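What follows is a short report on a single structure.
The values are calculated or read from the model by the stated rules, or taken from the named source; none is laboratory data. Remember, predicted model here, so these are calculated numbers, not experimental data. Backbone-built Cβ (ideal geometry, glycine too); neighbour counts: all protein chains shown.
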Amino acid sequence: MFDFVHEKKRLVQFVLALIILPFAFWGVDSYQKSGGGESLASVNGEKISAQEFDNAMRQQQQRMRELAGPAFDQSIFEKAEVKHSILEGLVAQHLLFSEAHKTGLTVTDEQLAGVIGGIGAFQKEGKFDKQQYETMLSGQNMSPLMFESKVRQDLSSRQLTDAYTQNGYASNAAVDNLIRLNEQQRVVALLKFDTDALLKQIKVTAAAVDEYYKKNQSEFQTPERAKVEFVIFSTESLQSQVVVDEAEVKKYFDEHQAEFGTQEQRQASHILISVAAQASSADKQAAKAKAERVLQKVKQSPGNFAALAKEFSQDPGSATNGGDLGMFGRGMMVKSFDDAVFKLKAGEISDLVQSDFGFHIIRLTSVKAAKTQPFSEVKALIVQRLKAQKAGDKFAELAEKFSNTVYEQSDSLKPAAELLKVSVQQGIWLSKGQAAAGVWTDKVQQAVFSDDVLKNKRNTVAVEVAPNTLLSARVVEYQVASVRPLPEVSSTIQNKLQRQQALELMAKQGGELLSRLQQGEKVNVAWLPVQSIMRSQHAGVDTELAKFIFKANTAKLPAYVGVQTAQNGFVVARIDAVKDAATIDEGKRNRYQQQIRQVTGEELLQAYLADAKKHADISMKAFATDDKK
């Protein structure tokens, strides 16, 4: 997160210290120590609540949903090992924060404000927007207090991790050895056997096919299957049924004007004569006297404000730009600075303004008036928002009725579909024990293949398959598990046995040929064209074979190695030459050195964490597979 700080020099040197966003910075510790509800783990007495776990779970689900798209399977998050992994991640975060706190690493409110203010998702027109901030967090079920607490933890923990990861060790000798090893080239020619020719030599008997079929029945097992019809109930399906009239839309617009506009923005420049808030009275008086002298120069030549800022301002971030701070809204500067700026008219220059950072002389450059988008531009957005809100309310109202209907009228899904004003969907085959994507989660499959649904021909219970999405299914056709008949799979078995025997024959012939070559015998074979490969770059050469090539003793060339590969069968390689890396320049050495430092730094961090875990008081809940948490 500190990348933002490093990239925005002006914010680092002045604005980061000066701009304090209107966040709820007070009482952060109270969130960490309260939380309420069930405790799933604890680290040195600090509890990890069910709410914190649920938030982490939702965030991970969202990341996976964005990565996987339509292939996303919600059911994987029902697995005990996945839940345990997420909880372990939270434990590691809390342990890092605990260790950072123990060693006195802290994050100031100004640093926290600067980092959050630099997050693009919270900005409008390049500036932090409080309404946008709160709206974005609300969409993630987080309050500003919760979010700021987590960011503070992350930043303080990052200071600790960076102390290790950015301070790994790499000697010049180790770097040079790695470069020589990694960039050494070996000139090779490959010999591959003709698999098709060998396959033609192999004859597989019917008896062999029959024997394989009898000994490997599990390979040809078709799982238990059920064809289902189903009804899906979700807020999305309800939106098409929701009607929003013009009056509602206009009323929302009138009551939420702040959401559809921008606040007044002001652009100002300043000259800062810095003095620490804790400085002595004498130092403060000296700074004030200097500021007053500069103010007199400004008043005498207001047109030279930028030049005077470059000469006298002690804010290195803005001084080089003539003191320019860019556009900002009310509440984004410390109070004394903010109050002064918003009292000025464009072109006016303030008297001395004192803040914790010293004395400021401020010139208001321009004013960008507050602007509200016209109703016509935001009408569609409001309609969609109201529809989603009404659909959510209707979902909450009908969810219990839907669940009761599929249970109480369990001989048909029609009543439930009529309740929701949707149709019953048809024609999905589910195979027991086989993962399915989308809404067909493990819980749905468990419900479909339960005795009550299969034997008594009843609806499944309403199963939550995604947030605000329920599904009930009914089996319309059922097939028991069975073994596919031999005539149906005999050609597959024959091909498999034929390939197995061809690979065995290839390995035998390849081994014999390799032995002859290694003994120095001249053998007339069709080598492929020579190529140069490196340990990290060996396109066209199997990874396992590449390992053997670079392990080979090259004291006498040509040298020969061979290996049975999964893709090409047995392959022989002839090593004709070894080319060591050219002269190692400083740029290359620096790049490798940085990589080694990262690796050794990570190892240092992992060793530190392992030791910290040994001395920490950590407890974690064990998850059952069907646990809801």
Looking at Ser85, is it of a type outside the set (Val, Ile, Thr), surrounded by 18 or more Cβ atoms within 10 Å (Cβ to Cβ) and part of a helix (DSSP H, G or I)? no
Meets criteria (in contact (Cβ under 8 Å) with a residue 12 or more places away in the chain, part of a loop (DSSP other than H, G, I, E, B), touching a helix residue (DSSP H, G or I) at 6+ places or on another chain (Cβ under 8 Å) and closer than 25 Å to Met57 by Cα) for Val422: no
Criterion first (in contact with an Asp or Glu (Cβ under 6 Å, 6 or more places away or on another chain) and surrounded by 15 or more Cβ atoms within 10 Å (Cβ to Cβ)) does Leu419 satisfy it? no
Here is a list: Ala582, Ala526. Which entry is of a type outside the set (D, E, K, R), exposed (fewer than 12 other Cβ atoms within 10 Å of the Cβ) and either modelled with pLDDT of 90 or more or over 30 Å from Val175 (Cβ atoms) (or both)? Ala526
Kindly provide the set of residues from the range 163-182 that are touching a residue at least 40 places away in the same chain (Cβ under 8 Å) and out of contact with any Ser or Thr (no Cβ under 8 Å at 6 or more places or on another chain), ordered by number. Tyr164, Thr165, Gln166, Asn167, Asn172, Ala174, Val175, Asp176, Leu178, Ile179, Arg180, Leu181
Tell me which of these Met327 doesn't satisfy, since it passes every other one: (1) touching a Phe, Trp or Tyr at 6+ places or on another chain (Cβ under 8 Å); (2) aliphatic (A, V, I, L, M); (3) in contact (Cβ under 8 Å) with a residue 40 or more places away in the chain. (1)
Among the listed residues Ala170, Ala208, Ala189, Ala174, which satisfies the condition of being in a helix (DSSP H, G or I), among the small types (Gly, Ala, Ser) and in contact with a Leu (Cβ under 9 Å, 6 or more places away or on another chain)? Ala208
Pair list, Cβ < 6 Å and 6+ apart or interchain, from the range 301-316 residues that are assigned to a helix (DSSP H, G or I) to residues that are surrounded by 13 or more Cβ atoms within 10 Å (Cβ to Cβ) and modelled with pLDDT under 90: Ala309/Ala319; Lys310/Ala319; Pro316/Gln13
Given the residues Ser218, Ser269, which is the only one that is assigned to a helix (DSSP H, G or I) and either touching a strand residue (DSSP E or B) at 6+ places or on another chain (Cβ under 8 Å) or closer than 30 Å to Thr441 by Cβ (or both)? Ser218
Identify, please: which residue in the range 356-377 is out of contact with any strand residue (DSSP E or B) (no Cβ under 9 Å at 6 or more places or on another chain) and not aromatic (Phe, Trp, Tyr) and is, among those, farthest from Lys288 (Cα to Cα)? Ser376
Go through the residues of the range 436-447 one by one and say whether even a single one is within 37 Å of the chain's Cα centre (by Cα), within 30 Å of Glu477 (Cα to Cα) and loosely packed, with under 13 Cβ neighbours inside 10 Å. no
Just to be sure I understand, how many residues within the range 177-186 are assigned to a strand (DSSP E or B) and not charged (D, E, K, R)? 1
Give me the residue from the range 401-415 that is over 40 Å from the mean Cα position of the chain (by Cα) and in a loop (DSSP other than H, G, I, E, B) and, out of that set, surrounded by the fewest Cβ atoms within 10 Å (Cβ to Cβ). Asp411
Identify, from the list Lys379, Lys335, Lys390, the residue that is farther than 20 Å from Gly303 by Cα, assigned by TED's automatic domain parsing to the domain that holds Lys288 and among the basic types (Lys, Arg). Lys335
For Lys343, are the conditions met, namely being of a type outside the set (A, V, I, L, M) and either touching a residue at least 12 places away in the same chain (Cβ under 8 Å) or part of a helix (DSSP H, G or I) (or both)? no
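Yes/no matrix, rows are residues, columns are (1) in a loop (DSSP other than H, G, I, E, B); (2) under 30 Å from Thr441 (Cβ atoms); (3) in contact (Cβ under 8 Å) with a residue 60 or more places away in the chain:
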site: Ala473; (1), (2), (3): no, yes, yes
site: Glu477; (1), (2), (3): no, yes, yes
site: Pro487; (1), (2), (3): no, no, no
site: Ser490; (1), (2), (3): no, no, yes
site: Leu497; (1), (2), (3): no, no, yes
site: Leu503; (1), (2), (3): no, no, yes
site: Met506; (1), (2), (3): no, no, yes
site: Gln509; (1), (2), (3): no, no, yes
site: Arg516; (1), (2), (3): no, no, no
Among Ala462, Ala466, the single one that is surrounded by 16 or more Cβ atoms within 10 Å (Cβ to Cβ), out of contact with any Lys or Arg (no Cβ under 8 Å at 6 or more places or on another chain) and at pLDDT below 90 is Ala466
Could you please let me know if Gly329 is surrounded by 17 or more Cβ atoms within 10 Å (Cβ to Cβ), at pLDDT below 90 and not assigned by TED's automatic domain parsing to the domain that holds Gly126? yes
Subset of the range 448-459, residues exposed (fewer than 14 other Cβ atoms within 10 Å of the Cβ) and not in a loop (DSSP other than H, G, I, E, B), comes to Asp451, Asp452, Lys455
What about Thr235, is it out of contact with any Cys (no Cβ under 8 Å at 6 or more places or on another chain), modelled with pLDDT under 85 and not charged (D, E, K, R)? no
Does His101 satisfy being within 27 Å of Leu40 (Cα to Cα), free of Cβ contacts under 8 Å to residues at least 60 places away in the same chain and assigned to a helix (DSSP H, G or I)? yes
Somewhere in the range 613-627, is a residue part of a helix (DSSP H, G or I), in contact (Cβ under 8 Å) with a residue 24 or more places away in the chain, within 30 Å of Leu95 (Cα to Cα) and outside the structural domain of Asp442 (by TED's automatic domain parsing)? yes
Within the range 123-134, how many residues are surrounded by fewer than 21 Cβ atoms within 10 Å (Cβ to Cβ), in contact (Cβ under 8 Å) with a residue 12 or more places away in the chain and assigned to a helix (DSSP H, G or I)? 2
Would you point out which residue out of Lys203, Lys192 is within 30 Å of Pro487 (Cβ to Cβ) and either of a type in the set (Val, Ile, Thr) or assigned by TED's automatic domain parsing to the domain that holds Arg499 (or both)? Lys203
Ile575 vs (1) out of contact with any Pro (no Cβ under 9 Å at 6 or more places or on another chain); (2) modelled with pLDDT of 90 or more: all pass except (1)
